[in-house]
Protein chains: 4
Amino acid sequence: MQKIKCAVLGATGVVGQHFLRLLVDHPYFELTSICASDARAGLALGTVKEQVEGGVPKSFHQMIFDPMDVTGLAAKGVRVAFSALPAEVADKMEKEAAQKGICVFSNAGSYRMDEQVPILVPEINHAHLQLVKQQKTPGFIVTNANCTTTGLVMALLPIMPFGIRRIISASYQAISGAGYPGLSALDILGNVIPYIKNEEPKVRREMAKICGTLTGVAIQPTDWEIFAHCIRVQTTIGHLISVHIELERSVTHAEVKQALVEFKSPSVIAGLPTAPIRPIIFNEEIDRPQPRYDVLLGDPERARGMAVAIGRLEVEDRVVRLVTLSNNLVRGAAGGSVLNAELALRQGLLSA
Amino acid sequence: MQKIKCAVLGATGVVGQHFLRLLVDHPYFELTSICASDARAGLALGTVKEQVEGGVPKSFHQMIFDPMDVTGLAAKGVRVAFSALPAEVADKMEKEAAQKGICVFSNAGSYRMDEQVPILVPEINHAHLQLVKQQKTPGFIVTNANCTTTGLVMALLPIMPFGIRRIISASYQAISGAGYPGLSALDILGNVIPYIKNEEPKVRREMAKICGTLTGVAIQPTDWEIFAHCIRVQTTIGHLISVHIELERSVTHAEVKQALVEFKSPSVIAGLPTAPIRPIIFNEEIDRPQPRYDVLLGDPERARGMAVAIGRLEVEDRVVRLVTLSNNLVRGAAGGSVLNAELALRQGLLSA
Amino acid sequence: MQKIKCAVLGATGVVGQHFLRLLVDHPYFELTSICASDARAGLALGTVKEQVEGGVPKSFHQMIFDPMDVTGLAAKGVRVAFSALPAEVADKMEKEAAQKGICVFSNAGSYRMDEQVPILVPEINHAHLQLVKQQKTPGFIVTNANCTTTGLVMALLPIMPFGIRRIISASYQAISGAGYPGLSALDILGNVIPYIKNEEPKVRREMAKICGTLTGVAIQPTDWEIFAHCIRVQTTIGHLISVHIELERSVTHAEVKQALVEFKSPSVIAGLPTAPIRPIIFNEEIDRPQPRYDVLLGDPERARGMAVAIGRLEVEDRVVRLVTLSNNLVRGAAGGSVLNAELALRQGLLSA
Amino acid sequence: MQKIKCAVLGATGVVGQHFLRLLVDHPYFELTSICASDARAGLALGTVKEQVEGGVPKSFHQMIFDPMDVTGLAAKGVRVAFSALPAEVADKMEKEAAQKGICVFSNAGSYRMDEQVPILVPEINHAHLQLVKQQKTPGFIVTNANCTTTGLVMALLPIMPFGIRRIISASYQAISGAGYPGLSALDILGNVIPYIKNEEPKVRREMAKICGTLTGVAIQPTDWEIFAHCIRVQTTIGHLISVHIELERSVTHAEVKQALVEFKSPSVIAGLPTAPIRPIIFNEEIDRPQPRYDVLLGDPERARGMAVAIGRLEVEDRVVRLVTLSNNLVRGAAGGSVLNAELALRQGLLSA
């Protein structure tokens, strides 16, 4: 198979560098272009400040930044763009890319709530990918969810069959979720910050959309009651979330545990390079998951950081309580979008 | 007024050192004895490792540790003991002290669920202090609540009149709550630990008892549904808690805010040395309270750390959501017990 | 005595807020004006983000920011300005203030190496204050040293009589030394950064000047060999420094210890409000000083944070080794300049 | 080649788990036995608390702890033991193991200063390995250096040819160097601790021995003057050290840089599985090395964490200044001993 030429937009930041890492020797995609701000155009990728353990992959060090110009990218044969752009830049550039025939897989929030753009977490709503056919452009835009939403909906996925009525969550979010430079060290050292701008409404809206139903050409959001506190703590990677779920009916601990333990990737994504074989890792240990130890779960190797760890399962009548942990840079950002692109390719939506 | 002779039991630890600090020039109590393990007997207090900013007060440095022997304490005229003993030692020693006529104000968990021992948070349940008359000993035992429970019930106090039905909480607890040496640095640096041994059942039981009703000689616990996640984060002092409250009836944001803003210490404790004038500090700022900035609130000076900070108030029909922060070493430990002793004195339960 | 009207320039930052705190009820100075950027002009001081435990003093909350205009300040009767301006603003504004008759006590680095401007650490070089008479302006500029230099020279002060030949230091500097927002949390969490821009040459130059000799109208810097590594660690307040000193001659441990233990403030500053009675606190404990416990030393109360803690004293022939810790926001910044102004007043260089 | 049966003594701790990780599929050694305290005997290795990212390798989870009995180990054919025992246990057990014919490669400090035991850092003193022939036991003991010493001597190695006269160092040591549970979180959060028990004399003695000369049957230590401050900071892995070196003669920056950049593993260890091709990684970036980014350097894959990163090179006449960073758990502990064993095997000192 001929690889599809792809670009990373916003390649200098924390998420951008994760896109780069995930695209090394990718079996489907070949990284041929990188963009960041126009000020970078002409510089080599190797000059970028390392923001991820391991940094920019050596094999990409010599790549030269292109200008922020989608016409140019399209002319160079770029067919797929992975976007780690800040929202205010993504607004304009992602739309233009789609107009030029580029298929954008975006971590930006700009188009997540657009009616024709899916927020794709393929284990849950792979069917929503069809929505892109409603977009009236040669290319299209697919988004991954906000990093907090992702960990939450992944945890809910095996529980959805029991009938969810209400969700109350409180998050313990890592600083890397704010990008770079992000938080001032003076603000977060020895501290907890009980507010993250715009985050709580995002979780509520995005969750309802992701878990909603595609009927014809529109997504009908769920009617779950959702209450989310989004709170920053002093960790580097990994969003842990305390989750309280009220169901339609009583369940037993055994039922829920079985649903979590036995959960496997749906066949529609099975075998995709970045799809973890077991997207949910269930912890029996009473004090797990923990960010220090559990943010790099996922097999095969390419899917490290794509599995979500769940623990502290408690079931009481119609209440299910648990703790979920996801890698906000991989599953909740770059990895999510790469998986989305792999699925789009399998479904015939991309071509070289 | 002649001051009452008092002792601090377990004077070497984090909470013990806070007791010492609070007893410097206390208008009612005179510190005349200190105990820790028997191995300390005969040593000077000044030899103790500093575990609190400011350390052991200079005026107490020359005090000599007594043996762990309540008969000896009683013989020296000690009438009140502040206990920061570990539970396994408190089990035996606090009971013996009460038998020797000493009134014990304890931070230990040993007797909190004893039917004749109140868990006293005087803003809420000062009436429960009468329960000590049921104890068949010359002295008695009064406990303060677990440090997490304290912050939670203080936040609920102004909201109780609206009728509470259900509480769902997730805590962000500081490492000092585990005492010294407590957590290994290797476990908590850059990490979140989603489990604290025994803590969640304590919160549930203690809260129901504290907010319960004293009818005759027994406390009828509340029938609130309580779900608490107790989670450790990398802060030093201050337990922050995300709280979701379901009420019996709809309320407005204005009603709840008014109840919080206007809340004052009840007259029964008004003017006590360690009673804050405003036990609840309401925050308008969207990103407060924060442990770094808000754990030392409370006027007058002697009551610093006794006020609880509340923020992020949201009201939606019958749901009230907020974040509460309390000083786990002062309000949730040493300060709570000192206030309890002051109240007991005012109510005529103590005499020199 | 009539108080002298003063202003704080750059009142919003970490050092600026410390100036405010130190000026509450100051016996000599009355805060009548505050400036920050022009964008702040007209806003109340109470709107500023709290960056210091305790925040902006309540009594100043209603003060309104003035425009950044020294003519206006002079017209309002401001005679003294405490400057926490960033260097690029200080360059211009401090010079203009001096031209308008304002005496500037500055934490900025702009004029430290100016031949007519003293870097004043009064315990060491109070005589250098006379240098301001060489400045050809109605007002003048006096600077405090860089925060790292300050802790270092204070530690050397009692040792200078033994004859210093060479100094080799390595610092453990707190993040607050970089101001706000300063370091990205992503850069410093769980990390050490072995470089601080411009800091090492500053230490070398400033130390040589501070410890130099005023002969006539010029300072002759010391000829000590100075090697300084300036390194950032994950602490909030307090610069700790490992110091290796080579002397002209052999000394004994007892001699050096005595010099440190018995060191007192020189009479020229004795009794000034912000002068600590003992500027050097000598630690016998093998593992002190530590930032967590020792950054708020100094009596009287107003001088808290002005004393420097020294420990780990080792003497071997002509080598003296020790660890020094100073509060980079008080002794090494705001407190240093306030003390300088108090001295200037005592010496008749200021008048209302 | 038949693999040599080996044991890990003290397999539960931080260093022990690194030994396990390094022995997975090792080409020379086959892990057949594990010991910890006798209380573990009979339990499975998989029950051990994870203390290293990645934890106990899955392939070893079913291994059962043996009793702490070297006779039993010898009887099972164990020929090599990797020791991560605490010093007080190592004292007795390592000697007994050598008496039973087992070759011990130890991270414990017990025998480092024994005249017949080499402290082996093979890049520097591979010749010292011959010293084991003086040990009058069927097996022998070889130690790796203290974790701080290791990083220091590795940095000095390329500079030794210029003639070293004096070394002054100050370290920034990670908490994992203290093992588990090691430091209390309350002691190190937001803090620097300027003292590590016994560490400074160790650095001085061990460095002199490692860099000393084997003449006949004894090591003549170097006569360098060595001054080391060993200081703990809030990092998890990686000891960074500020190093000031005085040479016998003047050198140029270019000379020293070349020595560092071109340094390669000596041929005697070249190609050993755990030997890094380039043991010294020279950093041009002004703010590197940093623990967060540079503790896992080293090629090939098996040697990750074995290379030492050096930066901040400054040369001034006879003074060389730099910063060195080494992985205290790999290069400074488990990896060092595994490399030592590989060298012993190559030199014919081990046999299956």
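Ranked by the mean number of other Cβ atoms within 10 Å of their residues, highest first, the peptides A:14-20, C:57-63 fall in the order A:14-20, C:57-63. Partners of C:Lys3 within straight-line reach, counting aspartates and glutamates whose Cα lies under 16 Å from its Cα and excluding those fewer than 8 residues away in the same chain: C:Asp25, C:Glu30, C:Glu342.
Working from Cα pairs under 8 Å separated by at least six residues, relative contact order for the range D:1-139 is 22 percent. Of the two radii for the range C:111-213, the radius of gyration is 1.03 times the Kirkwood radius, both from the alpha carbons; that is the Rg over Rh value.
Only one residue of B:Gly336, B:Ile277, B:Gly348 has its Cα farthest out toward the positive end of the dipole of the range B:275-352, where Lys and Arg carry +1 and Asp and Glu -1 on Cβ, and that residue is B:Gly348. Inter-chain Cβ neighbour count for D:229-239, averaged per residue, equals 6 (cutoff 10 Å, partner chain atoms only). Where does the charge balance sit around C:Leu23 when Lys and Arg score +1, Asp and Glu -1, over other residues with C-beta under 15 Å from its C-beta? Within the 15 Å Cβ shell, the charges total +3.
Spin-label model, B:His253 to C:Lys133: label points 7 Å out along the Cα-to-beta-carbon direction sit 6.5 nm apart. Here is how far apart the C:Asp299 label points are across copies: 2.9, 6.3, 6.7 nm, shortest first, using a point 7 Å from Cα toward Cβ. Its Cα centre serving as origin, the protein assembly as shown has a Cβ charge dipole (Lys and Arg +1, Asp and Glu -1) of approximately 0 debye. Each copy carries a label point for C:Lys76 at 7 Å from Cα toward Cβ; from one copy, the others' points are 5.4, 5.8, 8.0 nm away, ordered from shortest.
Could you tell me the distance between the Cα centroids of the range D:104-143 and the range A:50-98, to the nearest Å? Centre-to-centre distance over Cα atoms comes out at 55 Å. Dipole size of chain D about its Cα centre, with +1 on Lys/Arg Cβ and -1 on Asp/Glu Cβ: approximately 600 debye, rounded to the nearest 20. The C-alpha atoms of chain C define a longest principal axis, and helix C:335-346 lies at about 70 degrees to it. Let a ≥ b ≥ c be the square roots of the eigenvalues of the Cα gyration tensor of the range A:9-57; is it rounded (a/c under 1.5), or, if not, prolate (a/b larger than b/c) or oblate? Taking the square roots of the gyration eigenvalues as a ≥ b ≥ c, the range A:9-57 is oblate. For C:Lys100, the lysines whose Cα falls under 17 Å of its own Cα, not counting residues fewer than eight places away in the same chain, are C:Lys5, C:Lys76, C:Lys92, C:Lys133, C:Lys136. The alpha carbon gyration tensor of the range B:237-352 gives principal lengths a ≥ b ≥ c with a/c of 1.5 or higher and a/b greater than b/c, which makes the shape prolate. Taking every residue in D:286-294 and counting other chain Cβ atoms within 10 Å of its Cβ, the average works out to 6.
In this rough spin-label picture, where each label sits 7 Å from Cα along the Cβ direction, the C:Val268-D:Ser37 distance is 6.2 nm. Assuming a ≥ b ≥ c are the square roots of the Cα gyration tensor eigenvalues, decide whether the range B:147-328 counts as rounded (a/c under 1.5), prolate (otherwise, with a/b larger than b/c) or oblate. Rounded, because the longest to shortest axis ratio a/c is under 1.5. Measuring from the axis that maps chain D onto chain B, the chain D residue with the nearest beta carbon and its rounded distance in angstrom come out as D:Ala185, 2. Each of B:His229, B:His26 has some number of other Cβ atoms within 10 Å of its Cβ, and from fewest to most they run B:His26, B:His229.
Inter-chain Cβ neighbour count for C:66-75, averaged per residue, equals 0 (cutoff 10 Å, partner chain atoms only).
Normalised by residue count, chain C yields a Cα convex hull volume of 125 Å³ per residue. Charges on Cβ only, +1 for Lys and Arg, -1 for Asp and Glu, centred on the Cα centroid of the range B:147-328; of B:Val323, B:Leu152, B:Gly212, which one is farthest towards the dipole's positive end? It is B:Gly212. Note on the range C:147-328: with charges restricted to the Cβ of Lys and Arg (+1) and Asp and Glu (-1), its dipole about the Cα centre is near 360 debye. Across the identical copies, the 7 Å label point of A:His61, projected outward along Cα→Cβ, sits 3.8, 5.6, 5.7 nm from its counterparts, in ascending order.
Under 18 Å Cα to Cα from D:Lys58, which lysines show up? Leave out anything in the same chain fewer than 8 places away. Here the lysines satisfying the reach criterion relative to D:Lys58 are D:Lys49.
Here, each number is a calculation from the coordinates, and none is a lab measurement. Since the model is a prediction, treat every value here as computed from it, not as a measurement. So basically every Cβ, Gly included, is an ideal-geometry build from the backbone, and we count neighbours across all protein chains shown.
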